[in-house]
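Undergrad: Dumping the structure here so I can ask a few things about it.
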Amino acid sequence: MREVSHFVTLMFSQRALASLARRTYVGGQQTARHGRRNFSQTLKRQSQFGKDRNTIGTLTPASAAVFVATGVGLYFYFRYEKQKLLEEREKERSSRQYGRPQIGGPFSLTRSTGETFTEKDLLGKWSLVYFGFTNCPDICPAELDKVGTILNKLEPALGKTFLPVFISVDPARDTPERVGRYLADFHPAFVGLVGTYEAIKGACKAYRVYFSTPPNADPQGDYLVDHSIFVYLMDPEGQFVEAFGQNTEADQIAARITEEVARYGK
Amino acid sequence: MGWFSWGNKNQDISEPSRQNRQKCWETRDSYFDCLDRANIIKPGDEGNSCAKEKQLYEDNCAKSWITYFNQRRVLADAQKDRLAQAQAQADSARK
């Protein structure tokens, strides 16, 4: 609607200018130079009809009608344009829902506390899923600390609606006890998951995660696991929302999650 | 030898704790600082000049971690060179 009011202001100021110009002209000084060419044409025409000279400004019933009609026309035009824009935005939003990557899916693993944990246990909370291993030199601990920081930033405002999940990609070495002790260093809400090689492989496949542990890895061995290092944000319905990489700072992620939570609540 | 002695008889191999990691990173950093001072990029090329730092590093980090950190140091340096080269090329192309 701002466009309409701008236009109205413009029309008023043009009218004022025209009447000013005409008065100068009528006053006998031929210096209506600041008027545009069409103005001076109007002025000439108007000066031929001396009768008009005494009307207030250029407001005649005819010009008033044109003015009102233009205003009404513009009002409907802008209303129509606005509607069209809203429809386009709506369409874009729905297509984005359809454009979600297929990340996440069924899995069945064991919690570090011993219970079975499946994808259904993710429902009802916003989960932050990370794949790693306890012998990880530096990236996993940094990312897990980041998840802890994010939770500490979000929980005061949004409550305990978040579930941080750590899935071990080192089935040979990571026992439930190890994972449990390991995660105690990070955030108390962390759920640690372990499983057989096949079960872990299945979970990784669902999340499109790559990991390099061989099926016959030595449980006593000193090796590293190469793996994907994204933090996956899943909504309370277990749908994938976004994957955050190593270079996205905790603040950015927290802001992004806040945005998603607000949008979801609508 | 601490928590990284995989080969010993102790069956309970514990996971690295926050303190273990911190200690490893610190000894790594002081070893790498020593290499920097000696103008050495590739760990192992320094002869005996960083022996004390190297010993601490090896005592506090697992072999796999040491291999990983050492490789990363060399790679990061190569990458720095490549980036500098690319930048120089871009600069000269602009002239």
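The values are calculated or read from the model by the stated rules, or taken from the named source; none is laboratory data. In this text, all values refer to a predicted model and were calculated from it rather than measured experimentally. With ligands, DNA and RNA removed, areas are computed over all heavy atoms of the protein, side chains included. Shrake-Rupley method; radii C 1.70, N 1.55, O 1.52, S 1.80 Å.
Undergrad: Using helices alone, what [θ] at 222 nm do you get for chain B, with -39,500 (n - 2.57) per DSSP H run of 4 or more residues, divided over all residues and rounded to the nearest 500? Intermediate results must be reported in sequence, preceding the final value.
TA: Details: 3 runs with 62 residues, N = 95.
It comes out at -22500 deg cm²/dmol, rounded to the nearest 500.
Undergrad: Can you list the residues, at least 5 places off or on another chain, whose amide H is less than 5 Å from the amide H of A:V165, using H built in the peptide plane?
TA: Sorted by chain and number, the residues that satisfy this are A:L128, A:V129, A:Y130, A:V191.
Undergrad: Report, largest value first, the span of the C-alpha coordinates of segment A:108-265 along each principal axis, in whole Å.
TA: Projected onto its principal axes, the Cα set of segment A:108-265 covers 46, 30, 26 Å.
Undergrad: Still on this structure, please answer the following. Per-residue HN-Hα couplings for segment A:104-120, Karplus 6.51 cos²θ - 1.76 cosθ + 1.60 at θ = phi - 60°, whole Hz, x for Gly and Pro?
TA: x, x, x, 7, 9, 10, 10, 6, 4, 8, x, 6, 6, 9, 10, 4, 5
Undergrad: Using θ = phi - 60° and the Karplus relation 6.51 cos²θ - 1.76 cosθ + 1.60, list the HN-Hα couplings for segment A:62-68 in order, rounded to whole Hz, with x at every Gly or Pro.
TA: Values per residue, Gly and Pro as x: 5, 5, 4, 5, 4, 4, 5 Hz.
Undergrad: Using the heavy atoms of the protein chains and a 1.4 angstrom probe, tell me the accessible area per residue for segment A:146-266 in square angstrom. Write out the running numbers ahead of the final one.
TA: Values: 5500 Å² over 121 residues.
Value returned for segment A:146-266: 45 Å² of accessible area per residue.
Undergrad: Starting from the amide H of A:G104, placed 1.01 Å from N in the peptide plane, find each other amide H under 5 Å away whose residue is 5 or more places distant or on another chain.
TA: Result for A:G104 returns A:Y207, A:R208.
Undergrad: With θ taken as phi - 60° and the coefficients 6.51, -1.76 and 1.60, list the Karplus ³J(HN,Hα) couplings across segment A:180-186 in order, rounded to whole Hz; mark glycine and proline as x.
TA: The phi angles translate into x, 5, 4, 6, 4, 6, 10 Hz.
Undergrad: Order A:F186, A:F131 by their accessible area, 1.4 angstrom probe, all chains in place, largest first.
TA: Values: A:F186 30, A:F131 0 Å².
Greatest to least solvent exposure: A:F186, A:F131.
Undergrad: If amide H atoms are built 1.01 Å from N in the plane of the peptide, which residues on other chains or at least 5 residues away come under 5 Å of the amide H of A:E242?
TA: Result for A:E242 returns A:L233.
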